[in-house]
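A.B. asks: Quick one: the structure is below, questions incoming.
Here, each number is a calculation from the coordinates, and none is a lab measurement. None of these values were measured; they are calculated from a predicted model. All Cβ positions, glycine included, derive from the backbone under ideal geometry; neighbour counts span all protein chains shown.
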Amino acid sequence: MDKKTDVAEKTTPLETEHILTVPALAPLVAYPLEVLVPEVRQQTPAVGQRATRPDGRLHGLGQTKYIDDWYFPGMLFAKIKRAGVASAKIKSIDTSAAEAMPGVVAVITGKDIPCNSFGPSLKDQPVLADTRVFHAGDGVAAVAAVTEQIAAEALDKIKVEYEILTPVLDPLESLKLETPGVHAPNANIYGHKVIKKGDVEKAFAESYQVFEGTYRTQMVEHVPLEPHATIAMWDPNGRVSIYSTLGRITLGRADVARTLGIPMSRIRMIATIVGGNFGGKNEITTEPALALLSKKTGRPVKCTFTRPEEFYASTTRHPLIMDYKSGVTKEGKILGRKIRLVLDGGAYCSWSETTLAKACILSTGPYNIENLYAEAFVVYTNKTMTGAMRGFGVPQVCFAHESHMDEIATALNIDPLDIRLLNAFEEGSLSPTSQKLQSVVVKESLLQAAQRFGWTANGNGKGNGAQS
Amino acid sequence: MRGFELVTARDSRHAVALLAQHSASAKVKVIAGGTDLMADLHFSSHIPDIVVDISRAEDLKHIAVTEEGLSIGALVTHTQIMRSPLIRDMFPALVDAAHTIGAVQTRNLGTLGGNLVTGVPSMDSGPTLVALEAVVSIAGPDGRRQVPLAEFWLGPRKTVLKPDELLAEIIIPKQNLNKPTHFLKFGLRKGQALALVNVASSFRVDWDKNVFVAPRIALGAVAPKVIRALKAEAFLEGRKVTPETMAEAGQVAVGDAKPISDFRASAEYRKDLVAVLTKRTLEGAYELAKAKR
Amino acid sequence: MVTVTINVNGEKRTASVPPETSLLRMLRDNLNLTGAKLGCDVGDCGACTVIVDGKPVNSCLMLAAQADGRDVLTIEGLATADRFHPLQKAFETYGSLQCGFCGPGVLMSAKALLDENPNPSPFEIRDALGGNLCRCTGYSKMIEAIQVAARTMRGEPAEKTA
């Protein structure tokens, strides 16, 4: 077969709907003007309908422009020098050799940032580290050059003198009050939450058996196919336009305003189709530094992360260490549950507070438990920043409470499905924080799943309504 | 990455001449498919001064039976190995091994020679060729020299190649043509995975006595280079071909292996894999022997 | 600098690039063909996949100079002025792409597969896509769409009736 045969010759004639009009544009989508406010559990006409994504056409044509696909005349390329050490004092930064390189147009460091701190809640993150390094991915300098290659070479010419400090790497060590503060004089525990209901010790005393287990999850990186990318440029009226892969552009705009010390009205954040976010593009990275490089050079400046930078210089999912203690009846009904969560909060707070809250509230699982004590801590370590990632702490606790449930079921010789049906939320059940739950279909979902997997047909289950 | 000078070789002799010319005074690297070199260079601070592009040397792209045996040019890609009717017929194990390397895109670029010269102990092309007692033909300024493949590597990423030499051909000796061989790789994924352990077993059968003849077993990723499982081979020679002997040979092969523990697997798990994969490759080679009888 | 001429999407294009330039960078930075993406630069993710002389390759691993004189097909060359390639139509209909970043690479791998194997099994499709990573979709709709496109290209009805 001749591989170079034009495809059009080999195919049967396509229907007219396949014919493109030139130029290729996505079809206009009409949005309904009335807003539907559905009743709880009411079937809306949209559910079950197939809808064609409007962006699919340009994606398939390769015409979608992501941030790295934009080029502006005179654009410079920036690279960030990463610390490469987990914890250190910065004694000096010498950028002179880099600045003298042909093709290097500007170099900035932390001292050039008007307000060198930002963050979605705690403002503990620097744009570029100036006196202290808190994790190996910290940026210590930013270079703008005429090619990406020259910018990367210039990083090697920047000389940084570090006084290496002992890093705190184990979150359980960080939890101890005697461990030196990563962000001293601030404590290592920077977030704490307790949920209390009933009397958990009394419940344990009345239990047939008490089970304990410790569960750990690892740090995970989002790995969006598209690395972080930003382009910054100024207009003659002193406004900066920042094109970015950032998801939360209003938040980003506020952070850029804060770090640059300029009003928000002077900042345009332009985002477009993002090549994967999953929570990892929820806060600014190089935007303020690029804005300053652009200001200094008078030219647009672009920076894209390398794939390794995605791993060590962008946010990741919090590792969790989860201690579970459950008191159960002989039939497997949970009478009381006590939980301690320790979140590895990395070098900066980022979205840790949200993660802490969600993990804590949902740590008990979708089960009716009258007596609860769940306590969660998030601690600083000198490791990669931990931030938002799909689920905000819930995937981690789900691993824990479901593993714990399976272990209890095995020990009591109860079918894993039955023990869950016995304890699961129902319509009107109260969440651990006493929210009355509506549209609860936990049991129905479990039973339907069991039927589809052939759970009882394969010899599992002893009843309790499980259908085969 | 930082810049380098690029010179393109017309054929293997020109390539050797370029290496001889430049390697004395500059850091020189050879590029064929680029799947190892380019990946290294994109994040390396050790950029060569000169890169010699040999990808256009048509005289290194053959697959042919010669009077020496089966000769495979160093620039034959993994895809070409998978598709060669000659190799598919004679050595399905080489096809299997090539198929486990990377993905379609890397197999279209990556070459057999490159895989061998990069020299990581977990290389997927190595074990089958070592089990088949392959010999490599090295081209230098004074002509060709041959080295048994098992002696080609000095350690991880180190070969006997001198700076002005080029791996030109891989030859499976005549007496091993059509020898039943089976290869298995165990990685943490089904694609784009490094081998935790890979094994190739090759033997003929004396059908009258039903015993192993010339058994050869090669182990990868369990030593600083691809090694022969000599104890297991000695155990099998002349022994009856039965499932029990094959299983026991697997256990003996564990004694030939010296795996390390790393973040992918423990040494204990790798030893376990050696026993299982040796047994299974022996079984696979036996199936092939029966089919070809 | 080296002068590289490639026959890309049926058009002869020439650029003068530093020798270390990959084919990917030349396509994106010099020829404005930004369809092929930079996802990792080490040949792991497949977002840079283009077809060179009929074979899908990682353009980040090929020197631009090595592509000199060769035929290169990128995503921009898949559709013609008046029709989609059946793969593009099927991907759109079946919602096979979400963020879309892996799309050009996947489509080039899929095209190369169907050009050679007009009736691939689901296993063969997965094998062909083994070098293309996607973080959004889980691949199942891509596999479905590729089967539909294959049927279209064989002249069969798009939906299976049996």
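A.B. asks: What percent do you get for the relative contact order of chain A when only Cα pairs under 8 Å and 6+ apart count?
C.D. replies: Rounded, it is 17 percent for chain A.
A.B. asks: Also, quick follow-up: Sorted from fewest to most neighbouring beta carbons within 10 Å, what does the list C:CYS102, C:CYS45 look like?
C.D. replies: C:CYS45, C:CYS102
A.B. asks: I want to verify the translational diffusion coefficient of chain B in µm²/s; compute it with Stokes-Einstein, Rh as the Kirkwood radius over Cα pairs, at 4 °C and 1.567 mPa s.
C.D. replies: Result for D is 67 µm²/s.
A.B. asks: How would A:TRP70, A:TRP455, B:TRP153 line up from fewest to most surrounding beta-carbon atoms within 10 angstrom?
C.D. replies: A:TRP70, A:TRP455, B:TRP153
A.B. asks: Mean separation of Cα pairs under 8 Å and 6+ residues apart, divided by the residue count of region B:181-292: what relative contact order is that in percent?
C.D. replies: Reported as a whole number, the value is 28 percent.
A.B. asks: Based on DSSP, what percent of beta bridges with both residues in the protein assembly as shown are antiparallel, to the nearest 5?
C.D. replies: 80 percent
A.B. asks: Could you tell me what percent of the DSSP beta bridges with both partners in chain A are antiparallel, to the nearest 5?
C.D. replies: Looking only at bridges with both residues in chain A, the antiparallel portion is about 75 percent.
A.B. asks: Rounded to the nearest 5, what is the percent of antiparallel bridges among the DSSP beta bridges in region B:1-116?
C.D. replies: Bridges in region B:1-116 that DSSP calls antiparallel: roughly 35 percent.
A.B. asks: Just the number, please: Stokes-Einstein D of region A:76-164 in µm²/s, Kirkwood Rh from C-alpha pairs, 4 °C, 1.567 mPa s.
C.D. replies: 98 µm²/s
A.B. asks: Ok, one more. Just tell me which lysines come within less than 16 Å, Cα to Cα, of A:LYS325; anything on the same chain fewer than 8 places away is out.
C.D. replies: A:LYS196, A:LYS197, A:LYS202, A:LYS333, A:LYS338
A.B. asks: Compute the acute angle (0 to 90°) between the alpha-carbon long axis of helix C:103-116 and the principal axis of greatest extent of the alpha-carbon atoms of chain C; round to the nearest 10°.
C.D. replies: 70 degrees
A.B. asks: Step by step: find N for the protein assembly as shown, compute 2.2 N^0.38 Å, then divide the Cα radius of gyration by it. What's the final number? Numbers along the way, then the final one.
C.D. replies: Values: Rg = 30.7 Å, N = 923, 2.2 N^0.38 = 29.5 Å.
Expressed relative to 2.2 N^0.38 Å, the Cα Rg reads 1.04.
A.B. asks: Using a cut-off of 13 Å between beta-carbons, work out the net charge of the residues near A:SER350 (Lys and Arg +1, Asp and Glu -1, A:SER350 not included).
C.D. replies: 0
A.B. asks: What relative contact order, as a whole-number percentage, does chain B give when Cα pairs under 8 Å and 6 or more residues apart are counted?
C.D. replies: Values: 682 pairs, mean separation 46.1, N = 293.
16 percent.
A.B. asks: Label point 7 Å out from B:GLN251 along Cα-to-Cβ: which residues of region B:266-293 have amide N under 19 Å?
C.D. replies: Only B:268-283 pass the distance filter.
A.B. asks: Two decimals, Cα atoms only, Kirkwood Rh: what is Rg/Rh over region C:2-77?
C.D. replies: Ratio of gyration radius to Kirkwood radius for region C:2-77: 0.91.
A.B. asks: Taking beta carbons within 10 Å but only from partner chains, what does the mean come to for residues A:222-232?
C.D. replies: 4
A.B. asks: If neighbour count is taken as other Cβ atoms inside 10 Å, put A:THR166, B:THR8 in order from fewest to most.
C.D. replies: A:THR166, B:THR8
A.B. asks: Rounded to a whole number, what is D in µm²/s for region A:229-312 from Stokes-Einstein with the Kirkwood radius over alpha-carbon pairs (4 °C, 1.567 mPa s)?
C.D. replies: Diffusion coefficient, whole number: 101 µm²/s.
A.B. asks: Go through A:LYS302/C:LYS12; B:LYS29/B:LYS185; A:LYS123/C:LYS141 and tell me which ones have a Cα-Cα distance over 32 Å in this structure.
C.D. replies: A:LYS123/C:LYS141
A.B. asks: On average over all directions, what projected area in square nanometres does chain A have, based on the convex hull of its Cα atoms? Intermediate results must be reported in sequence, preceding the final value.
C.D. replies: Details: hull surface 126.2 nm².
In nm², the orientation-averaged hull projection of chain A is 31.5.
A.B. asks: What is the Cα coordinate range of region B:60-176 on the first, second and third principal axes, sorted by size from largest, in whole angstrom?
C.D. replies: Sorted from largest, the Cα extents of region B:60-176 read 34, 31, 23 Å.
A.B. asks: If we sort B:120-127, A:407-414 on the protection proxy, mean other Cβ atoms within 10 Å, highest first, what's the order?
C.D. replies: B:120-127, A:407-414
A.B. asks: For region B:5-53, what class follows from the C-alpha gyration tensor (a ≥ b ≥ c being the square roots of its eigenvalues): rounded when a/c is under 1.5, otherwise prolate if a/b is larger than b/c, else oblate?
C.D. replies: oblate
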